[in-house]
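Working notes, beginning with the structure itself.
The values are calculated or read from the model by the stated rules, or taken from the named source; none is laboratory data. All values derive from a computational prediction rather than experimental measurement. Note: accessible area is taken over every heavy atom of the protein model, side chains too, but ligands, DNA and RNA are not part of it. Shrake-Rupley method; radii C 1.70, N 1.55, O 1.52, S 1.80 Å.
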Amino acid sequence: MSATSLAASYPITGTTVNCRSGPGTSYGVKKSYKKGQSVSISCQTSGTSVNGNNIWDKTSDGCYVADYYVKTGKNGYVTSKCGGGSSGGSSDSHCKKLNAAGVNLIAQWEGFVSSPKPDPIGLPTVGYGHLCKKKGCAEVKYKFPLSKTTAKQLLNDDLST
């Protein structure tokens, strides 16, 4: 039996914040939290950068929220990093490779957007859940509007980083 770290509670600062199955915007949404709701953080890890912050908080609900939307009172880690005590292979707690069925599931969950548009919480996204990092999604190497084929290529690019 492994030791469990104590979970501290912190308020959500965004209007509606998604809690995802992994530490990044390309992971499926498991649930959402409302502004002011407290979440207990069991550990933290790095993932997709949200407004310059790449820390993701694993909640006691077993899903991940971008630390950017959690008022911890500190810019940086406030608890232990996730993934200690590996059972072999990588020490990270999320998968490194996804098969076609997994990619299709993410695409179905995220929905298709051919040109950059704000998602439900106002963050610009395109394709199948790609979070734009630059104005107009300038970092995307594919031309807009995206076809579903190029959107899947973009999703695979995101999953491999």
Check: By the gyration tensor of its Cα atoms, with a ≥ b ≥ c the square roots of the eigenvalues, what is the shape of segment 20-73: rounded for a/c under 1.5, prolate for a/b over b/c, or oblate?
Finding: rounded
Notebook entry, point to check: Which ³J(HN,Hα) values in Hz, rounded to whole numbers, follow from the phi angles of segment 41-47 under the Karplus curve 6.51 cos²θ - 1.76 cosθ + 1.60, where θ = phi - 60° and Gly and Pro get x?
Noted result: 9, 8, 6, 9, 8, 8, x
Note to self: Counting heavy atoms of the protein chains only and a 1.4 Å probe, report the per residue accessible area for the chain as a whole number of Å².
What the structure shows: 58
Next item on the list: Starting from the amide H of S147, placed 1.01 Å from N in the peptide plane, find each other amide H under 5 Å away whose residue is 5 or more places distant or on another chain.
Entry: none
Check: Quick one: Debye curve from the C-alpha atoms of the chain, no solvent, what's log10 I(q)/I(0) at q = 0.13 Å⁻¹?
Finding: -0.63
Check: How far is helix 148-159 tilted, in degrees, relative to the longest principal axis of the Cα atoms in the chain, given as a value from 0 to 90 rounded to the nearest 10?
Finding: 30
Margin query: Can you give me the % of accessible surface on the chain that is carbon or sulfur? Probe 1.4 Å, all protein chains present, nothing else counted.
Written below: 52
Next item on the list: Pull up all non-local amide H partners of S32: gap of 5 or more, or a different chain, and H-to-H distance under 5 Å with H placed in the peptide plane.
Entry: C19
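Looking at this model, which pairs from K117/K143; K117/K148; K34/K135; K117/K141 are more than 21 angstrom apart at the alpha-carbon?
Values: K117/K143 15 Å; K117/K148 16 Å; K34/K135 27 Å; K117/K141 17 Å.
K34/K135, as the Cα separations exceed 21 Å there.
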Notebook entry, point to check: So what is the 222 nm mean residue ellipticity for the chain from helices alone, if each DSSP H run of at least 4 adds -39500 (n - 2.57) and you divide by all residues, rounding to the nearest 500 deg cm²/dmol?
Noted result: -4500 deg cm²/dmol
Item checked: In sequence order, calculated HN-Hα J values of segment 106-113 (Karplus, 6.51, -1.76, 1.60; Hz; x Gly/Pro) -> 4, 4, 5, 5, 6, x, 9, 10
Next item on the list: Report, by chain and number, residues whose modeled amide H sits under 5 Å from the one on G24, excluding near sequence neighbours (fewer than 5 apart, same chain).
Entry: T48
Check: In whole Hz, what ³J(HN,Hα) sequence does segment 48-61 give by Karplus (6.51, -1.76, 1.60; θ = phi - 60°), x for Gly and Pro?
Finding: 4, 6, 10, 6, x, 10, 9, 7, 10, 9, 8, 8, 5, 7
